[in-house]
1. Which value results when the Cα radius of gyration for region 83-212 is divided by 2.2 N^0.38 Å?
2. Near the amide H of Gly166, under 5 Å away, which other amide H atoms are found, from residues 5 or more places off or on another chain, if H is placed in the peptide plane?
3. Each label point is 7 Å from the Cα along the Cα-to-Cβ direction; what then is the distance between the points at Arg208 and Leu244, in nm?
4. Could you work out the Rg to Rh ratio of region 1-135, with Rh taken as the Kirkwood radius (inverse of the mean 1/r over all Cα pairs)?
5. Take the Cβ-Cβ distance between Asp72 and Arg251 as r, set R0 to 25 Å, and report the resulting FRET efficiency rounded to the nearest 0.05.
6. May I ask you to derive the relative contact order of region 74-229, considering only C-alpha pairs under 8 Å and at least 6 residues apart, and to give it as an integer percent?
7. Any chance you could run the full-extension gain for Glu152 through Asn21? It's 0.36 nm times the residue separation minus the Cα-Cα distance, nm to one decimal.
8. Suppose R0 equals 30 Å; then what is the FRET efficiency for Arg226 and Arg168 from their Cβ-Cβ distance, rounded to the nearest 0.05?
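Each reported figure results from applying straightforward, stated rules to the coordinates on display, with no laboratory input. Treat the numbers as computed from the prediction; the structure is a model and nothing was measured. All Cβ positions, glycine included, derive from the backbone under ideal geometry; neighbour counts span all protein chains shown.
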Amino acid sequence: MSGAPRRRPLGVVTRGTTNPNRLRRVDNWIVATCADRLSAAADPLVVDLGYGATPVTAVELRARLAAGVRPDVRLVGLEIDPARVAAAAPAADPPGLTFARGGFELAGLRPVLVRAFNVLRQYDESEVPAAWRTMTGALAPGGALVEGTCDELGRLASWLLIDADGPRTLTLAAKLTTLGSPAELAERLPKALIHRNVPGEPVHDLIRALDDAWQAAAPYATFGPRQRWLRAVGRLRETGWPILNGPARWRKGELTLPWPPAPLPSIME
């Protein structure tokens, strides 16, 4: 068969660590926040980039989108390692769920949405903007990238919503019943932000302000961690932080705000 040779996948093989339900927090946020993009798309194509050694989180994302947004959503799981693509093949359910070899170039696909979780953590911060530009450059018009990090069990997570103009929002999320302090979220910031958690940077100010609000809300712990979190996030907004959404999302252990909340040089440059 003739034709141009396929472009070599961009990136390096990740550790591949994964667990069932590890990405449920970001998945549920995607269903609630990105539904309009998928609902309006002529081709509701989603890419799960770097799904890992097993395809379980790709299978879960497709199921959640099909149930919560539209049943005809198509998800393609991409991995650089061909052995992982072969191992995922038994889980495929075409046309709704397939697996292929690909990296930041997204294998020539034009998805409406890309989820890239725990992919950039092993890269240098200086490599992040180029990876973002490559992925967002491959999106369908109006598409978005959700890029972030979580711990091994998905109890702590953070992610950025990114489009062709750069990061739009930052979300922090935690399992409230196991949360000791919001300061724990600092260890799971996206790669572009984790090294910026130093005095003078907005993300450092955010984590510190959230932790202070959590400590101030300690009396609400009597009513459970959810009530304490609700009070802490509400207090944060009262002090001027531009918290998005409302208590319905906060109750899930989430906090989303525009990024950056203060002027910063563009990290897409």
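1. 1.17
2. Amide H neighbours of Gly166: none.
3. 2.5
4. With Rg and the Kirkwood Rh in hand, the quotient comes to 0.95.
5. After rounding, the FRET efficiency stands at 0.25.
6. Normalised by residue count, the contact order of region 74-229 is 15 percent.
7. My answer for the length gained is 46.1 nm.
8. Efficiency at R0 = 30 Å is approximately 0.65.
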